[in-house]
Amino acid sequence: MSATSATPSSGSTAAQSPQSKRPRKRLATGYRILLISLSSLIVAGLLFVAIQMFGYVEGTEFAPKHFQTRRFSFYEIPLVHWQITPIRRVSTTPETARYLTQSKTLVMPNSIPTRWDLVEIKHGMQSLEPRDPALLVDHLRLMEDGTAVWKQWSKKNPKLAKQFWPTIDKLADRELYILIPRLMELTRDVEDVATLKTVVSDYLAEEYVSLIRDMRDAQRDELADALLAEALEESPDNPELQSLKKDRQTADPVGQT
């Protein structure tokens, strides 16, 4: 009888064993889901903080054909530089630039700017990184005692301004921003148009000669030829420019006219 009573007891234990494991499996699965959810929240939080601190990009652009500036900003994923928000743009054209176009000192196209040169940019907590167009835009922004310096100069010297600013505009359009600060320094105290023309012509001819030679040394002949043609339009009688033209004709007689 004892043997008979032992048999159902053993069978009952075996039948209950799988059922007792199910709650444990459900509990383990719940812990895994909770752990994954918490990990995802932590990663998302860290990514959010990283984007807020290091993913904010802002800067300024300049349209040389319209003498306008605008500020832009957006968020990106740091390191990989994936943009994740639309670009927000706000006009920031300096007072001097607005005066030059409104007074018709500079006659700009009646169209929407399509070319924008990068003036400066900042990624996250980094310092602002200026680019070549800042050499002009900084002068357009220049203020002394609450007065826009180059606006005041242009209002005081309208004839000089009419001669001077189109030259600056042309240099900006050619992306020769590097020549602008020195030219503005040389002409700031000039008092008559004839002297201004001479100062501008002599300075640009000298700088063009240097740039053309550097480009030829770097075997960038096509760019050098284009710059030489532009320089000769402004200073056709300059002996050094004429010499560069002759040297080019000698080196490539077929390609020159």
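What number comes out for the charge environment of residue 110, summing +1 per Lys or Arg and -1 per Asp or Glu over other residues with Cβ under 14 Å away? Net charge around residue 110: +2. With a cut-off of 12 Å between beta carbons, the residues surrounding residue 188 carry a summed charge of -1, where Lys and Arg count +1 and Asp and Glu -1.
Zone of residue 221 (label point 7 Å along Cα→Cβ, backbone N under 11 Å): which residues in region 231-252? Residues 248-252 fall inside that zone. The listed residues 108, 143 rank as 143, 108 when sorted by accessible area, largest first, using a 1.4 Å probe. Taking a sphere under 11 Å around the Cβ of residue 75 and counting the other residues whose Cβ falls inside, with K and R at +1 and D and E at -1, yields a net charge of -1.
Number of Lys-Lys pairs in region 138-257 with C-alpha atoms under 16 Å apart and a separation of 8 or more places or on different chains: 6. Dipole of region 91-155 computed with +1 at Lys/Arg Cβ and -1 at Asp/Glu Cβ about the Cα centre; of 109, 92, 152, farthest Cα towards the positive end is 109. Suppose R0 equals 45 Å. What FRET efficiency, 1/(1 + (r/R0)^6) with r the Cβ-Cβ distance, do residue 202 and residue 112 give to the nearest 0.05? For residue 202 and residue 112, the calculated efficiency is 0.75.
Surface composition of region 154-213: carbon plus sulfur atoms hold 46% of the accessible area, using a 1.4 angstrom probe and ignoring ligands, DNA and RNA.
The values are calculated or read from the model by the stated rules, or taken from the named source; none is laboratory data. These figures come from a predicted structure and were not determined experimentally. Here Cβ is always computed from backbone atoms with ideal geometry, including for glycine, and neighbour counts include all displayed protein chains. Accessible surface is based on the protein model in full, side chains and every heavy atom, while ligands, DNA and RNA are left aside. Shrake-Rupley method; radii C 1.70, N 1.55, O 1.52, S 1.80 Å.
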